[in-house]
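K.L.:
The structure that follows is given in the form of structure tokens.
The values are calculated or read from the model by the stated rules, or taken from the named source; none is laboratory data. The shown structure was predicted, so the numbers you read here are calculated from the model rather than taken from an experiment. Note that each Cβ is placed from the backbone with ideal geometry, even for glycine, and that neighbours are counted across all protein chains shown. We work out accessible area using only protein heavy atoms, side chains counted, and drop any ligands, DNA or RNA first. Shrake-Rupley method; radii C 1.70, N 1.55, O 1.52, S 1.80 Å.
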Amino acid sequence: MKLNYKIIFHFFGLLCLFNGGFMILSTLISLIYDDGVTLELFGAGLLVLLVGGISMFLTKGHKKELNKRDGYIVVAFGWIVMALTGTIPYLTTGAIPGFTNAFFETMSGYTTTGATILSDIEAVPKGVLFWRSMTHWIGGMGIIVLAIAILPLLGIGGMQLFAAEAPGPNADKLHPRITDTAKRLWLIYFGYTAAETILLQVAGMSFFDAINHSLCTLSTGGFSTKNASVAYWNGQPIIQYIIILFMFLAGTNFVLSYFAFKGKIQKAIFDEEFKLYFKFIALFTIIASLIIYFNADFSISSIDHPMVYGKAEASFRHALFQVISVITTTGFITADYTLWTPFLVVFFFGLMFLGGSAGSTSGGVKVVRHMIMIKNGFLEFKRALHPNAILPVRYNQKAVPGNIVFNILGFFILYMLSFIVGALVFSMFKIDFESAIGLSASSLGNVGPALGNFGPVNNYEALPALGKWWSSFLMLIGRLELFTVLILLTPFFWRNR
């Protein structure tokens with residue numbers, strides 16, 4: 001089975017057109033706020049549009065067939081193409097000097113990791129900050145899913161791409177045609193973003209801060225326009241509660257949101273994964289809030305604000321915010337949780353491996369995978385007592401096919417191996433143990449804040465250049481759920497048969 005190089009590069013050109021278009025949108029923000037880099041941003045956008053246009057022109061007349069191998073290449077290399085072209089606004093404006101730093105920031109954006117090398121975010125021009133947030137928003141629902149919505153215009157089917165890129169162990173369709181699925185998902189995504197922007201503005205944020213934080217919340221990204229992240233609004237609890245709500249929604253399967261809007265609320269509420277996701281958040285929040293209330297010293301925990309509604313409310317809010325932020329891999333912070341007690345440091349480190357729901361914009365392993373692994377584990381006890389019994393794993397009252405169970409077990413093993421190898425490589429750069437395991441878990445899970453020297457109140461600027469490239473690779477394979485990228489490293493993938 002030969003690769004269809006023409007359609008692959010045609011698709012790369014299309015992605016560049018998307019990228020360039022959003023850069024031009026950032027130029028408008030730069031012009032409105034007169035931040036001094038309008039021409040540089042406009043030049044970057046034109047350059048990327050030109051590259052995309054030339055690529056599409058040179059690949060006209062391609063075969064309109066996209067096989068599975070083509071799909072994997074388009075997804076994996078498409079993200080790299082987007083990241084490479086996405087560095088241009090940082091370089092032309094001088095906001096981020098050096099290609100390595102610019103690439104790291106861009107990859108962190110598209111993979112919705114939220115790790116940054118910027119020390120003084122508030123000094124960055126507003127147009128560049130908007131572009132930075134936009135990389136989150138584009139990456140959140142998936143560059144490829146966005147493109148699928150317009151593929152019919154090119155006469156190309158998109159099922160192969162959706163299977164390779166859609167988050168979670170399976171792609172739950174809303175409509176028989178995948179392009180219609182993509183459109184519905186993007187409509188919900190856009191609607192949530194607009195709603196959060198309005199609510200944050202009403203609650204007291206400026207329009208610029210509101211739209212940027214909305215872009216980064218719904219994508220479960222975590223880039224902020226403030227050096228202190230969401231801790232900047234510690235004295236305005238309503239703002240943090242609004243962000244909590246939309247982080248929760250962003251970590252929920254978007255298909256369930258669609259069902260809820262269609263009036264099928266019971267189908268959403270009684271979904272097994274959603275119920276477990278909700279229970280996890282409730283349980284972990286109770287544990288964290290009790291420990292913060294009774295053990296954490298507010299004077300040294302970076303919760304340096306007037307306790308508007310008292311210590312109990314502050315303990316609950318900070319616990320809820322950080323639990324949801326880490327589980328959904330958003331990465332916003334309201335406090336430095338590494339100062340809250342050693343137990344909570346390990347606690348939040350463990351949450352980095354949880355992840356939100358399948359079909360959400362969050363990273364990590366995903367709740368449904370944990371659920372199926374736990375159910376399968378309990379069934380192994382029954383199988384040991386009744387070896388001849390047929391005991392399938394059930395999810396939403398349906399038997400899960402054995403190949404999906406094996407795929408999930410294989411994914412988890414590969415995920416943990418990637419985490420261990422990731423930490424080992426970081427340790428080669430003379431990074432201490434706590435920081436190395438934190439960097440590996442955070443990069444692979446697309447969380448953002450790590451541990452040690454790269455904790456919630458620190459950035460990644462001190463990471464060596466090779467460490468930034470390694471972290472970028474972990475972000476990419478984590479965002480594309482391992483198999484999509486790692487399969488390209490196998491020799492049999494490239495054999496023409």
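K.L.:
Output the residues belonging to the stretch 207-262 that are buried (at least 20 other Cβ atoms within 10 Å of the Cβ), touching a His at 6+ places or on another chain (Cβ under 9 Å) and in a loop (DSSP other than H, G, I, E, B).
P.N.:
Result: Ser219, Thr220, Gly221, Gly222, Phe223, Ser224, Thr225, Asn234.
K.L.:
Out of the residues in the stretch 322-338 that are at negative phi and hydroxyl-bearing (Ser, Thr, Tyr), state the one that is most open to solvent (accessible area, probe 1.4 Å).
P.N.:
Out of the qualifying residues, it is Thr338.
K.L.:
So is Arg394 of a type outside the set (A, V, I, L, M, F, W, C) and open to solvent by less than 30 Å² (accessible area, probe 1.4 Å) or not?
P.N.:
no
K.L.:
Out of the residues in the stretch 433-447 that are surrounded by fewer than 24 Cβ atoms within 10 Å (Cβ to Cβ) and without any contact (Cβ under 8 Å) to a residue 40 or more places away in the chain, which is nearest to the chain's Cα centre (by Cα)? Let's see the steps before the verdict.
P.N.:
Taking the stretch 433-447 first, the residues surrounded by fewer than 24 Cβ atoms within 10 Å (Cβ to Cβ) are 433-435, 437, 441.
Subset that is without any contact (Cβ under 8 Å) to a residue 40 or more places away in the chain: 433-435.
On the way: Phe433: 25, Glu434: 23, Ser435: 21 Å.
Among those residues, the one meeting the criterion is Ser435.
K.L.:
Here is a follow-up. Being in a helix (DSSP H, G or I), modelled with pLDDT under 90 and over 21 Å from the mean Cα position of the chain (by Cα) is true for just one of Val425, Val421, Val405. Which residue is that? Working first, answer last.
P.N.:
Numbers: Val425 fails: modelled with pLDDT under 90; Val421 fails: modelled with pLDDT under 90.
Result: Val405 is the single residue among Val425, Val421, Val405 that is in a helix (DSSP H, G or I), modelled with pLDDT under 90 and over 21 Å from the mean Cα position of the chain (by Cα).
K.L.:
Leu200: open to solvent by less than 20 Å² (accessible area, probe 1.4 Å), more than 18 Å from Gly455 (Cα to Cα), among the aliphatic types (A, V, I, L, M) and under 20 Å from the mean Cα position of the chain (by Cα), yes or no?
P.N.:
On the way: open to solvent by less than 20 Å² (accessible area, probe 1.4 Å): yes; more than 18 Å from Gly455 (Cα to Cα): yes; among the aliphatic types (A, V, I, L, M): yes; under 20 Å from the mean Cα position of the chain (by Cα): no.
Against the criterion (open to solvent by less than 20 Å² (accessible area, probe 1.4 Å), more than 18 Å from Gly455 (Cα to Cα), among the aliphatic types (A, V, I, L, M) and under 20 Å from the mean Cα position of the chain (by Cα)), Leu200 does not qualify.
K.L.:
Got a sec? Which of Ala384, Ala423, Ala465, Ala450 is touching a helix residue (DSSP H, G or I) at 6+ places or on another chain (Cβ under 7 Å) and open to solvent by 50 Å² or more (accessible area, probe 1.4 Å)?
P.N.:
Values: Ala384 fails: touching a helix residue (DSSP H, G or I) at 6+ places or on another chain (Cβ under 7 Å); Ala423 fails: open to solvent by 50 Å² or more (accessible area, probe 1.4 Å); Ala450 fails: open to solvent by 50 Å² or more (accessible area, probe 1.4 Å).
After applying the criteria, what remains is Ala465.
K.L.:
Counting only residues that are modelled with pLDDT under 95 and either of a type outside the set (Phe, Trp, Tyr) or surrounded by fewer than 19 Cβ atoms within 10 Å (Cβ to Cβ) (or both), give me the helices (runs of 4 or more DSSP H) lying completely in the stretch 42-141 with at least 3 of them. First the steps, then the outcome.
P.N.:
Values: elements: 68-86, 88-93, 99-110, 126-141.
Fully inside the stretch 42-141 and qualifying: 68-86, 126-141.
K.L.:
Going residue by residue through the stretch 361-379, is there one that turns out to be open to solvent by 20 Å² or more (accessible area, probe 1.4 Å), in contact with a helix residue (DSSP H, G or I) (Cβ under 6 Å, 6 or more places away or on another chain) and in contact (Cβ under 8 Å) with a residue 60 or more places away in the chain?
P.N.:
No, the conditions are met nowhere in the stretch 361-379.
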